[in-house]
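Asks: I have a structure I would like to understand better, so I am pasting it below and will then ask my questions one at a time.
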Amino acid sequence: MSEIVTSPAFKENARAALADVDLQQALKSVEVNFIAKRRASADKLPEFEALRDAARDIKDHTLAHLDLYLEAYEQRLTAAGGQIHYAVSAEEARAIILGICRKVDAKTVTKGKSMVGEEIAINAHLESHGITPVETDLGEYLIQIRGELPSHIIAPAVHLTKAQIEADFRRVHTHLPADRNLEEHTTLLAEARAVLRERFLAADVGITGANFLVAETGSSIIVTNEGNGDLSQTLPKIHIVLATIEKLVPTLEDASQILRVLARSATGQEMSVYTTISTGPRRPDDPDGPGEYHVVILDNGRSSMLGGDFQDMLRCIRCGACMNHCPVYHAVGGHAYGWVYPGPMGAVLTPSLIGVDKAGHLPNASTFCGRCEAVCPVRIPLPRMMRRWREREFERHLQPATMRYGLAVWAFLAKRPRLYALATSAAAFGLGWLGRAKGRFRSLPLAGGWTRHRDFPAPEQRTFQAQWRGRKRR
Amino acid sequence: MGVSATAQPRVGLFVTCLVDFIRPTVGFAAVKLIEQAGCSVEVPRQACCGQPAFNSGDRATTREIAEQVIATFAPYDYVVAPSGSCAGMLKVHYPELFHGDPNWLPRAEAFAAKTHELISFLVDVRGVKRVDAAFAGSVTYHDSCSGLRELGVHAQPRALLASVRGLELAELRDADVCCGFGGTFCVKYPEISATIVGKKVANVAASGAGTLLAGDLGCLMNIAGKLQREGSQVRVRHVAEVLAGMADGASIGEKGEP
Ligand code: SF4
């Protein structure tokens, strides 16, 4: 359910994650593989940096004229026989989707990977109304059978080791021989394929996300590496596209420009294996396709980001590069962030969607190392926006009292350089004297956060400024 | 001052609060290097650049501090800081703070334009190509985040280190990855910070170097503290100490006179 938010417990989540041996092993692959692959593919394309600028500009232009492009999109979509539904909130989106499913008395729904689907917790909602949702993306399928949220926006099950996946398959696929070989990646994949194939054929409704909505043609575009998006949308009687307003781009040309940075930034591929474009339901001379084609456009707080401090976040194309390069994500993984969107993009987006009072830790749990911004294909200034959230928290007095108090004392001194010099001289002398025998401290009062994990160097006994002024007087 | 002032550019040293408090040696190394590059150095009374407030969301306090710093350093041709993080604050974030303020924005921008991180000042502004220093042993170098990504400090320290007699540079794996310091981050999220610096010291050990260098005291204290907690013998110094030939004394966290 979208209501299950553990972001306020980020610290506890993080501690548990750091102690989780399997998770730590699984996270190593993020740190090593994604980064090297992105680097290699970016280096191979001389115009990569220029393409990033272009992608940013396309998104900015679209956001500046969103009403126009939304209207154009709706017109083309309707002309192609599609139906559009606007949902202000997650509840509305859930109700719309349930309504469509009920109309055809759906029993089974296949799903392509959709982060918006996670955002509105559509699976739980359908299940509670007697409809079985089946995730068709391998990673999504894995977390579905484990009852988890995705831990990464493009690799939902990246937190799992091969051994864990094998154990889950043996637990769930009880109809298969117990002595079958599941040691290899290939055998795991083959088993998932076989299980999923039956479900594709049985589905009444297919739900997919969208990477782009194209205003020029009324099309939606989805990219996958498994081809599951195709099957989810062509086999069932009804295809529902679940998207949000910021997926719009003006033209197919624009979409293809952005596609050139999307896969490279995400997995280092030049293109994802499948890029699927769909425009309306099956036409009379089409060999296949759904009888009905619905697009549900969810707002869920996004339109209030337009024109404000966080509008740039709406450029995000969900490539995952920011989390792939984030030292905090590498340390704690995606679940610690406590909701659907992890890593740096989640640290900015989640407070917008569920409130900074709940998600306040996320923009704070960053060293501001800036690696996310350095790789973001649409150049979102992620650290700056996290700082913006900290400013909002500060304004609303949401930070712990000890921190506010400490900051106030420090600020009082920092604004008074003479007093500051006195205070630091006294402290340097005291600490320097205490630490002179060893050169460092293994523990210090009020600095437990530091000295629990590392030594603290003893200061030289006189501050630089005191020494400097002493020298000049001589 | 005054009498001897020839055409030498006047540099106001922004010493940074950590150097001022913990390791003044770095400040004296900076003074020596800047003077060797043909500038005079002055140190007006100063406190902090305001990062603790800025990164805690206290914009009003940050602005007050920034106004003070900008006014204090108005008389100088250049402002130089032996830290990528503080120089980044002065150079990149001060103008951001005064966005849309017709009085202060031009002042902040002029201030930003004359402000530099120490090593990039030497190489990029003063055209220094080599230093007159010796260091026996192998070192490895950590690229601090702000210096690297906000100010483009990467080649400059390596170029100058290459001119140090006897010094051998062993490149650090993942040298561009954060050490986990992050200012107040390291005390707000100590376990995460410790995990990140744990990876850093593993890479330092793997480099085989006897000394780790970097351009930011925050990162250096973090890495040194972790190395020492793990019983490592690797020494940790600010890169300016080595470039100024002032690396004979105790390293960071080591006992004795620095
Ligand atoms: S914020 Fe940028 S890097 Fe992160 S997922 Fe979005 S587009 Fe990719």
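The values are calculated or read from the model by the stated rules, or taken from the named source; none is laboratory data. Predicted model, so just to flag it, every value in this text is computed and none were measured. Cβ: placed from backbone, ideal geometry, glycine included. Neighbour counts: every protein chain shown. The protein model used for the area step is the full one, side chains on, heavy atoms only, and it has no ligands, DNA or RNA in it. Shrake-Rupley method; radii C 1.70, N 1.55, O 1.52, S 1.80 Å.
Asks: Measure nothing but the geometry: give the 0 to 90° angle between the long axis through the Cα atoms of A:417-434 and the longest principal axis through the Cα atoms of chain A, rounded to 10°.
Replies: Tilt relative to chain A: about 80 degrees.
Asks: Multiply the residue separation of residue A:185 and residue A:50 by 0.36 nm, subtract the distance between their alpha-carbon atoms, and state the gained length in nm to one decimal.
Replies: In short, 44.9 nm is gained.
Asks: Moving on. So in chain A, what percent of DSSP beta bridges are antiparallel if you round to the nearest 5?
Replies: The answer is about 30 percent antiparallel.
Asks: Given region A:1-127, what whole percent of its Cα pairs are spread farther than 27 Å?
Replies: 53
Asks: Summing -39500 (n - 2.57) over the DSSP H runs of n ≥ 4 in chain A and dividing by its residue number, what mean residue ellipticity at 222 nm do you reach, to the nearest 500 deg cm²/dmol?
Replies: -15000 deg cm²/dmol
Asks: Return the distance in nm (one decimal) between the two label points of a simple spin-label model at residue A:91 and residue A:197, each offset 7 Å from Cα along Cα→Cβ.
Replies: 4.4
Asks: Suppose all protein chains stay in the model; what accessible area per residue would a 1.4 Å probe give for region B:1-132, in Å²?
Replies: So region B:1-132 comes to 36 Å² accessible per residue, rounded to a whole number.
Asks: Can you name the helices of chain B, as whole DSSP H runs, whose Cα span along the helix axis is 20 Å or more and whose Kyte-Doolittle mean is not below 0.5?
Replies: Helix filter hits for chain B: B:190-207.
Asks: Is the C-alpha gyration tensor of region A:401-473 telling us rounded, prolate or oblate? Criteria: a/c under 1.5 is rounded; beyond that, a/b larger than b/c is prolate, otherwise oblate.
Replies: In terms of gyration-tensor shape, oblate.
Asks: At 1.4 Å probe size, with the rest of the protein present, what percent of the exposed accessible area of the protein assembly as shown is carbon and sulfur atoms?
Replies: 54
Asks: On to the next question. Efficiency by 1/(1 + (r/R0)^6): what FRET value for residue A:173 and residue A:9, r their Cβ-Cβ distance, R0 = 41 Å, to the nearest 0.05?
Replies: Once rounded, the FRET efficiency stands at 0.80.
Asks: To the nearest µm²/s, what D does Stokes-Einstein give for region A:155-215 at 4 °C and 1.567 mPa s, using the Kirkwood radius over alpha carbon pairs as Rh?
Replies: Answer from the Stokes-Einstein relation: 93 µm²/s.
Asks: Using the beta-carbon distance between residue A:416 and residue A:19 and R0 = 41 Å, what value does 1/(1 + (r/R0)^6) give for FRET efficiency, to the nearest 0.05?
Replies: 0.40
Asks: Further question: Quick one: check the C-alpha center-to-center distance for region A:417-468 versus region A:265-336, whole angstrom.
Replies: 50
Asks: Over region A:253-370, what per residue volume does the convex hull of the Cα atoms give, in whole Å³?
Replies: That works out to 165 Å³ per residue.
Asks: Which value in deg cm²/dmol, rounded to the nearest 500, describes the helix-derived mean residue ellipticity at 222 nm for chain B, given -39,500 (n - 2.57) per DSSP H run of n ≥ 4 and division by the residue count?
Replies: Calculated from helices alone, the mean residue ellipticity at 222 nm is -11000 deg cm²/dmol.
Asks: Now a separate question. On a 23 Å Cα-Cα criterion, which of the cross-link pairs A:438/B:32; A:28/A:358; A:44/A:111; A:111/A:237; B:32/B:129 come out too long?
Replies: As for pairs spanning more than 23 Å Cα to Cα, those are A:438/B:32; A:28/A:358; A:44/A:111.
Asks: Quick one: Debye curve from the alpha-carbon atoms of the protein assembly as shown only, equal weights, vacuum; give me log10 I(q)/I(0) at q = 0.05, 0.08, 0.11 Å⁻¹ to two decimals.
Replies: With one equal scatterer per Cα and no solvent, log10 I(q)/I(0) is -0.28, -0.69, -1.15.
Asks: Next question. Could you work out the relative contact order of chain B, using alpha carbon pairs under 8 angstrom and six or more residues apart, expressed as a whole percent?
Replies: 19
Asks: Considering all alpha-carbon pairs of region B:10-124, what whole percent are spaced by more than 16 angstrom?
Replies: 56
Asks: On average, how many beta carbons from a partner chain sit within 10 Å of the beta carbon of a residue in B:87-96?
Replies: 1
Asks: Mind jotting down the distance between the C-alpha centroids of region B:79-148 and region A:356-380, whole Å?
Replies: 23
Asks: Follow-up. Would you mind working out the accessible area per residue for chain A, using a 1.4 Å probe, and quoting it in Å²?
Replies: Heavy-atom accessible area per residue stands at 42 Å².
Asks: On to the next question. Testing the spin-label approximation: label points 7 Å from Cα along Cα→Cβ at residue A:216 and residue B:203. State their distance in nm.
Replies: According to this spin-label approximation, the distance is 4.2 nm.
Asks: Let me ask another. Hey, can you rank A:294-305, A:429-440, B:95-106 by average C-beta count inside 10 Å, highest first?
Replies: Output ranking for A:294-305, A:429-440, B:95-106: A:294-305, A:429-440, B:95-106.
Asks: Right, next: Determine one quarter of the surface area of the Cα convex hull of region B:130-243, which equals its mean projected area, and express it in nm² to one decimal.
Replies: Over every viewing direction, the Cα hull of region B:130-243 projects on average to 6.5 nm².
Asks: Taking Cα atoms, how many degrees apart are the long axis of helix A:48-64 and the longest axis of chain A, rounded to 10 and kept between 0 and 90?
Replies: Roughly 70 degrees between the two axes.
Asks: Hey, got the average number of other protein chain Cβ atoms within 10 angstrom for residues in B:225-232?
Replies: What the average comes to for B:225-232 is 4.
Asks: Quick check: the angle from helix A:401-414's long axis to the longest principal axis of chain A, C-alpha only, nearest 10 degrees?
Replies: Its long axis makes an angle of about 50 degrees.
Asks: For q = 0.14, 0.21 Å⁻¹, what log10 I(q)/I(0) does region A:149-268 give under the Debye formula with an equal point scatterer on each alpha carbon and no solvent?
Replies: Cα-only, vacuum Debye calculation for region A:149-268: -0.79, -1.28.
Asks: Please report, for the Cα atoms of region A:7-303, the Rg to one decimal and the Dmax as a whole number; what are they, in angstrom?
Replies: Taking only Cα atoms of region A:7-303, I get Rg and Dmax of 19.8, 59 Å.
Asks: Looking at chain B from every direction and averaging, what is the projected area of its Cα convex hull in nm²?
Replies: Average of the hull's projected areas for chain B equals 13.7 nm².
Asks: Here is a further query. Using only atoms on other chains, find how many Cβ atoms lie within 10 Å of each Cβ of peptide B:14-20 and report the average.
Replies: So the per-residue partner count for this stretch is 4.
Asks: Further question: Give me the summed buried accessible area for the A-B pair, 1.4 Å probe, to the nearest 100 Å².
Replies: Rounded to the nearest hundred, the buried surface is 6100 Å².
Asks: Based on the Cβ-Cβ distance of residue B:162 and residue A:127, what FRET efficiency does E = 1/(1 + (r/R0)^6) give at R0 = 60 Å, to the nearest 0.05?
Replies: 0.40
Asks: Counting only other residues whose beta carbon sits under 12 Å from that of residue B:239, what net charge do I get with K and R as +1, D and E as -1?
Replies: Net local charge, residue B:239 excluded: -2.
Asks: Now for a different question. How many percent of Cα pairs in region A:250-306 exceed 15 Å?
Replies: Beyond 15 Å sits 69 percent of the P(r) for region A:250-306.
Asks: To the nearest µm²/s, what D does Stokes-Einstein give for region B:52-175 at 4 °C and 1.567 mPa s, using the Kirkwood radius over alpha carbon pairs as Rh?
Replies: 81
Asks: What are the radius of gyration and Dmax of region A:43-198, computed over its Cα atoms and given in Å?
Replies: 20.2, 59
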